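This report concerns only the one structure given below.
The values are calculated or read from the model by the stated rules, or taken from the named source; none is laboratory data. Owing to the predicted nature of the structure, the values given are computational and were not obtained by experimental measurement. All Cβ positions, even for glycine, are placed from backbone atoms using ideal geometry, and neighbour counts span all protein chains on display.
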Amino acid sequence: GPSVPLEHKIPEEVWSGKEVKLSHLRVFGCVAYVHISDQGRNKLDPKSKKCTFIGYGEDEFGYRLWDDENKKIIRSRDVIFNERVMYKDRHNTTTTDSKLSEPVFAEVDDVPESPTVESSQLEEPIESSDTQPSYTPEHHTPTPVLR
């Protein structure tokens, strides 16, 4: 790590004389979505494949990913990472990608009142547990009939 004798630089920066960029580093074993090129898929096929990040390319910049479905390693630069979900959690029902993307709602204290609707504009609610009360709209436009 950075040290005082090296002027708060890491040894790699002092040795090479270049600033080390760490923005490409990812969490090992996280879920990654690799882009499937147009040549590798049909029009209705998915545009990405769910894989697991296992490392970095040796010769050039890129990532190495494990395709669990086909049991092979994929090399790619076109990857989106979800570093909150790990390979070990893939069978765990409590941690899923959809759970992480659930919306968060804020509480609102001052809600303006909605305009009042006269009781003559409302239908009586149907007494049933599986249906919701309905209402009659103010303006009814007939549906056109095609002949």
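Restricted to segment 11-61, and to residues there that are of a type in the set (Phe, Trp, Tyr) and assigned to a strand (DSSP E or B), the residue that is surrounded by the most Cβ atoms within 10 Å (Cβ to Cβ) is PHE53. Applying the condition of being more than 20 Å from ILE80 (Cα to Cα) and among the basic types (Lys, Arg) to segment 4-60 and asking which residue is modelled with the lowest pLDDT yields LYS9.
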